[in-house]
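Input: a single structure, listed below in structure tokens.
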Amino acid sequence: MKVNVAQVRNKEGGSACFDLVEDFSSFDLGTEALSFQAPVHVQLQVNNTSKALLVHGTIHTDLKATCGRCLETFVYPFDLSFQDEWVFRTLATEDQLETALLLDKDEIEIKDRIFEQIVLALPMKFICSAECQGLCPTCGANRNLTPCHCGESNIDPRLAALSKWQFND
Ligand SMILES: [Zn+2]
Ligand SMILES: [Zn+2]
């Protein structure tokens, strides 16, 4: 996933757009429960502000995720807008050395940087739908597929205590 900034780097106020698609499936998302289901599509607008190259980007892909409630796999559409700052290493300020993407030549490989953006934006937990009923803690059934009757006769002891307390009032 390479970008060449030769056109925009010498023109203050200039901008350039890039439209990139690449397979990220070799990247490890840190858990077997999560993988890339589709190529990653990146659109960038790069603006030369004289101090740096200011980047506005969007990232789109589909992830194969495992639902944290029902444990089924599902396709999670991933969309992200982000901003970034790129600067030539020799021109970077101290702050930019810490946070910006440092360039040594006109052509840059941005795959790692894009992957970083994706990882930072991943949710803590993947849920297949807001209505997901999850697994029954008693019989283990997926309650989205097979409604069970485990919950009906067992009243939560905490609730039972609470209702008793209320009736004694
Ligand atoms: Zn689910
Ligand atoms: Zn059950």
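The residues of region 11-29 that are part of a loop (DSSP other than H, G, I, E, B) and touching a residue at least 24 places away in the same chain (Cβ under 8 Å), listed by number, are Lys11, Glu12, Gly13, Gly14, Phe24, Phe27, Leu29. Would you confirm whether any residue within region 146-167 is at pLDDT below 95, part of a loop (DSSP other than H, G, I, E, B) and within 15 Å of ligand 1 (Cβ to nearest atom)? Yes, because at least one residue in region 146-167 is at pLDDT below 95, part of a loop (DSSP other than H, G, I, E, B) and within 15 Å of ligand 1 (Cβ to nearest atom).
The number of residues in region 1-24 that are open to solvent by less than 70 Å² (accessible area, probe 1.4 Å) and under 17 Å from the mean Cα position of the chain (by Cα) comes to 2. If we scan region 88-105, do we find a residue that is in contact with a His (Cβ under 8 Å, 6 or more places away or on another chain), modelled with pLDDT of 95 or more and outside the structural domain of Arg143 (by TED's automatic domain parsing)? Taking every residue of region 88-105 in turn, none turns out to be in contact with a His (Cβ under 8 Å, 6 or more places away or on another chain), modelled with pLDDT of 95 or more and outside the structural domain of Arg143 (by TED's automatic domain parsing). The listed residues are Thr66, Thr58, and the only one of them that is under 22 Å from Ser15 (Cβ atoms) and either of a type in the set (Val, Ile, Thr) or not assigned by TED's automatic domain parsing to the domain that holds Asp19 (or both) turns out to be Thr58. Please indicate, with yes or no, whether at least one residue in region 70-77 is assigned by TED's automatic domain parsing to the domain that holds Val21 and within 16 Å of ligand 2 (Cβ to nearest atom). There is at least one residue in region 70-77 that is assigned by TED's automatic domain parsing to the domain that holds Val21 and within 16 Å of ligand 2 (Cβ to nearest atom).
Scanning region 75-113 for residues that are under 30 Å from Cys132 (Cβ atoms) and open to solvent by less than 40 Å² (accessible area, probe 1.4 Å) turns up Phe78, Leu80, Phe82. Residues of region 123-139 that are assigned to a loop (DSSP other than H, G, I, E, B) and surrounded by 11 or more Cβ atoms within 10 Å (Cβ to Cβ): Phe126, Ile127, Cys128, Ser129, Cys132, Gln133, Gly134, Cys136, Thr138, Cys139. Of the residues making up region 38-74, those that are within 16 Å of ligand 1 (Cβ to nearest atom), open to solvent by 60 Å² or more (accessible area, probe 1.4 Å) and part of a strand (DSSP E or B) number 2.
The values are calculated or read from the model by the stated rules, or taken from the named source; none is laboratory data. Predicted model, so just to flag it, every value in this text is computed and none were measured. Because the Cβ atoms are built from the backbone with ideal geometry, glycine has one as well, and the counts that use them run over all protein chains shown. These area figures cover heavy atoms from the full protein model, side chains too; ligands, DNA and RNA do not enter into them. Shrake-Rupley method; radii C 1.70, N 1.55, O 1.52, S 1.80 Å.
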